[in-house]
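A quick write-up on the structure given underneath.
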Amino acid sequence: MRKIDFFIAGVQKSGTTTIYDLLSKDSRIYLPKIKENPFFTNSDINEDFNERLYSGYNSEILCGGAYANAIFFHQSAKELIKHNPKIKIILILRNPIDRAYSAYYYSNRLGIDSTKSFESAINNEYKNNFRKYIDIANKTYLEHGHYYEQIVKYSEFIPLKRMHIILFEDLVQNEKEVLKGIYDFLGLDLDNSNNIKSIKSNASSVVKIKWLHKLVFDKNIIKTIYQKLMPENIRYFINYKIVKKLEKVNKKNAAYVLMKKETRKRLKEYYISHNTKLEKLLDVDLNDWKE
């Protein structure tokens, strides 16, 4: 298959879908219709999955991919560099406190995390050593914000000069400038990018019909039977075509309540050393994250 030139490797709930959707509008860039590609993080996913994901490639100048959890699973850097020794990485970093809060509500509303509050969820993280991939990917709200450690581990395989790092706040405030920086990094001229218009993807949402969501995403006898009996190409079609459409239709936009002041204060103290080291590593001002 065509080698992937760049990969949006993270982080969760920080605008990766918006960047992905913006770049998808450019006819010179091939990005699969399915955004999240866990192939480089999950050894249970075979090569056929990746090949099918990129079967629509049609001689575009650049070929890209994304998985918002990739930076968290640092072994993915080794797999990405093995796939393409010259691969470029795009990262979007968000205030880790706000990122954790947004991620909790996302997991809670989809039924992935059944804890009654954000405070209960982070206390649960303190107490548990999660072993299942889905739990590690979705319930480690605080650890996902250890950006300094994640970037350092990634840089053992992919040098910092081949990582383009964006702050979520900059994306929100000046999307055009951020997009220009990405195009410069990728070596494309933004002026010839088909007049890409501003969009906002992945807004906060809730599930409309909970029983339908549970039927589609929870373990049940129907899923067990089809996963055992159906050929892999049909399972792929169901999982990444039909299921994705059902997921989209079964959501509606909804804001979530503000974080408790005492919780925010607690997390500011928790992240201060992480953010200080990140400032030095990237030579950026993160004072807003500390206030």
Which pairs turn up if I take residues in the range 114-134 that are closer than 26 Å to Ser43 by Cα and look for partners that are among the basic types (Lys, Arg) and assigned to a helix (DSSP H, G or I) with beta carbon separation below 8 Å, at least 6 apart in sequence or on another chain?
Glu125/Lys139; Asn128/Lys139; Phe130/Lys139
Hey, any hits in the range 1-14 for a residue that's surrounded by fewer than 23 Cβ atoms within 10 Å (Cβ to Cβ), among the charged types (D, E, K, R) and at pLDDT 95 or above?
yes
Quick check: is even one residue across the range 63-77 under 19 Å from Leu186 (Cα atoms), surrounded by fewer than 18 Cβ atoms within 10 Å (Cβ to Cβ) and at pLDDT 95 or above?
no
Mind checking whether some residue in the range 96-113 is touching a strand residue (DSSP E or B) at 6+ places or on another chain (Cβ under 8 Å), buried (at least 23 other Cβ atoms within 10 Å of the Cβ) and over 14 Å from Tyr154 (Cα atoms)?
no
Would you tally the residues in the range 139-164 being under 23 Å from Phe118 (Cβ atoms), aromatic (Phe, Trp, Tyr) and in a loop (DSSP other than H, G, I, E, B)?
1
Residue in the range 80-100 that is nearest to Gly15 (Cα to Cα), counting only those that are in a helix (DSSP H, G or I) and among the β-branched types (Val, Ile, Thr)
Ile97
Give Tyr148, Tyr126 a once-over and let me know the one that is buried (at least 18 other Cβ atoms within 10 Å of the Cβ) and closer than 24 Å to Trp289 by Cβ.
Tyr148
Within the bounds of the range 237-247, is there any residue that is modelled with pLDDT under 95 and in contact with a Lys or Arg (Cβ under 8 Å, 6 or more places away or on another chain)?
no
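Got a number for residues in the range 1-37 being part of a helix (DSSP H, G or I) and touching a residue at least 60 places away in the same chain (Cβ under 8 Å)?
Residues in the range 1-37 being part of a helix (DSSP H, G or I) and touching a residue at least 60 places away in the same chain (Cβ under 8 Å): 8 in total.
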Name, by its number, the condition in (1) in contact with a Pro (Cβ under 7 Å, 6 or more places away or on another chain); (2) of a type outside the set (Asp, Glu); (3) touching a residue at least 12 places away in the same chain (Cβ under 8 Å) that does not hold for Ile45.
(3)
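The values are calculated or read from the model by the stated rules, or taken from the named source; none is laboratory data. Predicted, not measured: the structure shown is a model, and the values here were computed from it. As a convention, Cβ positions derive from the backbone with ideal geometry for all residues, glycine included, and neighbour counts pool all protein chains shown.
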